[in-house]
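Below is one structure, written out as structure tokens; the observations come after it.
The values are calculated or read from the model by the stated rules, or taken from the named source; none is laboratory data. The structure displayed is predicted, hence computed values, not measured ones. Cβ sites come from the backbone with ideal geometry, for glycine too, and all protein chains shown count toward neighbours.
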Amino acid sequence: MAKKKYDPLWEIVDEKITLQGVEPDIDGICPDCGVRVHIGASLRVGEQVECGLCGSLLRIARKEGEVELELVE
């Protein structure tokens, strides 16, 4: 489930106003180092991303409705 992100300027006056244009949090776990990798809504199944920690090249997959990352060999 995506965590709502609030506008920090509104939070100063105790108002919870969601940020406009915030995409949902779609993340996967790097199978090489175990860090959470943000994928974003614009990337599709089969596209490749790079892990920001270990630099592994990963392919986006979907298994049982969940986003999963696979190592590209």
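So which of 34, 28, 52 ends up being surrounded by 10 or more Cβ atoms within 10 Å (Cβ to Cβ), under 11 Å from the mean Cα position of the chain (by Cα) and either in a loop (DSSP other than H, G, I, E, B) or of a type outside the set (Asp, Glu) (or both)? Exactly one residue qualifies, and that residue is 28.
Of all residues in the range 37-49 being loosely packed, with under 13 Cβ neighbours inside 10 Å and hydrophobic (A, V, I, L, M, F, W, C), which is nearest to residue 5 (Cα to Cα)?
Selected residue: 41.
So in the range 37-49, with the set limited to residues that are assigned to a loop (DSSP other than H, G, I, E, B) and among the hydrophobic types (A, V, I, L, M, F, W, C), which one is modelled with the lowest pLDDT?
Looking only at the range 37-49, we keep the residues that are assigned to a loop (DSSP other than H, G, I, E, B), and these are 39-47.
Next, from what is left, pick out any that are among the hydrophobic types (A, V, I, L, M, F, W, C): 39, 41, 43, 45.
Details: 39: 86, 41: 78, 43: 81, 45: 91.
Across the range 37-49, the extreme among qualifying residues is 41.
Among the candidates 43, 71, 58, single out the residue that is in contact (Cβ under 8 Å) with a residue 12 or more places away in the chain and touching a Cys at 6+ places or on another chain (Cβ under 8 Å). Step by step, each of 43, 71, 58 is checked, and only 58 is in contact (Cβ under 8 Å) with a residue 12 or more places away in the chain and touching a Cys at 6+ places or on another chain (Cβ under 8 Å). No other residue among 12, 26 is out of contact with any helix residue (DSSP H, G or I) (no Cβ under 8 Å at 6 or more places or on another chain), touching a residue at least 40 places away in the same chain (Cβ under 8 Å) and β-branched (Val, Ile, Thr) apart from 26. Do you know which of the residues in the range 58-73 that are surrounded by fewer than 13 Cβ atoms within 10 Å (Cβ to Cβ) and at pLDDT 90 or above is nearest to the chain's Cα centre (by Cα)? Top of the filtered list is 71.
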